[in-house]
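The values are calculated or read from the model by the stated rules, or taken from the named source; none is laboratory data. None of the values given here were measured: they were computed from a predicted structure. Note: ideal-geometry Cβ built from the backbone for every residue, glycine included; neighbour counts use all protein chains shown. Only protein heavy atoms, including side chains, enter the accessible area calculation; ligands, DNA and RNA are left aside. Shrake-Rupley method; radii C 1.70, N 1.55, O 1.52, S 1.80 Å.
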Amino acid sequence: PYYVDLNQNLFLQASLHSSDPNLMLFVDTCVASPDPSDFRTLAYELIRSGCPKDPTYYSYYSPYSSVSRFAFNAFSFVNRYPSVYLQCELVVCRYHDYSSRCYQGCVTRFKRNAGS
């Protein structure tokens with residue numbers, strides 16, 4: 001466990017360990033929950049589909065494509081629950097594959113009109 005106070009910055013880093021230097025890592029989604037087995041019922045989204053949902057979420061530059069760095073402030077869950085769990089989904093792509101998910105960044109989906 002990592003112990004933090006309300007509004008304290010949390011810095012995270014994810015690393016891809018591979019012998020292939022042409023891979024890169026992208027943080028797609030991160031959700032926090034007081035229940036380690038349920039990230040839907042009572043959840044707080046930090047980033048969803050590459051789009052920051054928390055105003056304190058910040059992505060940091062990394063000199064390595066296989067490393068993603070980001071930070072956010074501890075939020076109100078910290079005062080209400082003894083533990084908060086973080087679940088992140090990361091994507092691995094080929095470096096310089098500009099059609100891959102890693103290069104799309106924030107993806108918003110629009111609802112289609114069903115029409116008549």
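Some values worked out for this structure:
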item: Average Cα contact separation per residue, region 9-101, under 8 Å, 6 or more apart, as relative contact order %; result: 40
item: Fraction of accessible area attributable to carbon and sulfur, region 9-101 (%, probe 1.4 Å); result: 50
item: Under 5 Å, built H, 5+ apart or other chain: amide partners of D28; result: E89, L90, V91
item: Gain in span if fully extended, Q87 to L42, counting 0.36 nm per residue against the direct Cα distance; result: 14.9 nm
item: From the C-alpha gyration tensor of the chain, square roots of 5λ in Å; result: 26, 22, 12
item: Helix-derived mean residue ellipticity, 222 nm - over the chain, DSSP H n ≥ 4, -39500 (n - 2.57), to 500; result: -1000 deg cm²/dmol
item: Peptide ranges 25-34, 87-96 listed from the most packed, as the mean C-beta count within 10 angstrom indicates; result: 25-34, 87-96
item: Derived scalar couplings ³J(HN,Hα) [region 4-15; Karplus, 6.51 cos²θ - 1.76 cosθ + 1.60; whole Hz; x for Gly, Pro]; result: 9, 9, 4, 6, 7, 6, 10, 10, 10, 9, 10, 10
